[in-house]
1. Write down, largest first, the equivalent ellipsoid semi-axes of segment 163-209 in whole Å, where each equals the square root of 5 times an eigenvalue of the alpha-carbon gyration tensor.
2. Can you give me the orientation-averaged projected area of the convex hull built on the Cα atoms of segment 59-200, in nm²?
3. By counting other Cβ atoms within 10 Å of each Cβ, how are L173, L89, L193 ranked from fewest to most?
4. Would you please give the FRET efficiency between N135 and V107, computed as 1/(1 + (r/R0)^6) with r the Cβ-Cβ distance and R0 = 22 Å, to the nearest 0.05?
5. Under 30 Å from the Cα of K75, which lysines turn up, not counting those fewer than eight places away in the same chain?
6. Quick one: which residues, 5 or more positions from V161 or on another chain, have an amide H under 5 Å from its amide H? H modelled 1.01 Å from N in the peptide plane, none for Pro or chain starts.
7. Provide the packing ranking of 149-156, 118-125, 79-86, i.e. peptides ordered by the mean count of other C-beta atoms within 10 Å per residue, highest first.
8. Take segment 136-178, compute every pairwise Cα distance, and split them into 10 Å bins from 0; I just need the percent in each bin.
Amino acid sequence: MSEHPHDHGHPHAAIEQTEPQGHYQYLADAVRELLIEKGVFTADEMRRAIEAMDARTPAQGARVVARAWVDPAYKARLLADGTAAVEELGIDMGPTKLVVVENTPNVHNVIVCTLCSCYPRMLLGLPPAWYKSRNYRSRTVIEPRAVLTEFGTRLPDDVDVRVHDSTADMRYLVLPMRPEGTGHMSEDELATLVTRDTMIGVAQVPSPS
């Protein structure tokens, strides 16, 4: 492990909650009800916004990866400014900065959020339960190769493993390597090979059978 960007400049609560309904949850409920009462938004508008968030899937991220695989100019823009590049495909990251890190034959990147579960939901949908677990959050920065092995990802000793720690205002996306034997595949076909785990970095994209 040679790199561990870590800047939690914006504090946010850890995922472990000892009580089902704490002070901040009561406060959030009260603020929501007040905003609805004042007409800032309606309960139906809030429901639809939540449904839209829940409907996000890793397919958005897969589109980005596939475009980068077939379009070198787009790939360069993606690595230079991930936020602007995904906006070209109609994906709005809002105020969040997106940093895209590229896997190569010599470098493998893996993403974690050590304090909570910061995650590029616009691109990958809801985070998996293991991503939010204390086990993954603590061990990935200490023994990333061991964690990757548990996911079935075994890397040669000469591959540099880099761990990137997401923050409240910055998310990471792994650009996995395009597998061999895919030169004949279309962009849409390539997107079907890309999975959530390959964009987090705990897996690699296999060659098509």
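1. They are 25, 11, 8 Å, listed largest first.
2. Average of the hull's projected areas for segment 59-200 equals 8.3 nm².
3. L89, L193, L173
4. 0.35
5. Within the straight-line cut-off, K75 pairs with K97, K132.
6. Hits under the 5 Å cutoff: S2, H108.
7. Descending packing order for the listed peptides: 118-125, 79-86, 149-156.
8. Going from the shortest bin to the longest, the percentages are 23, 54, 22, 1.
Readers should treat all values here as calculations from the given coordinates under stated rules, not as data from a laboratory. These numbers were taken from a predicted model, which means no experiment stands behind them. Positions of Cβ are backbone-derived with ideal geometry, glycine not excepted, and every protein chain shown enters the neighbour counts.
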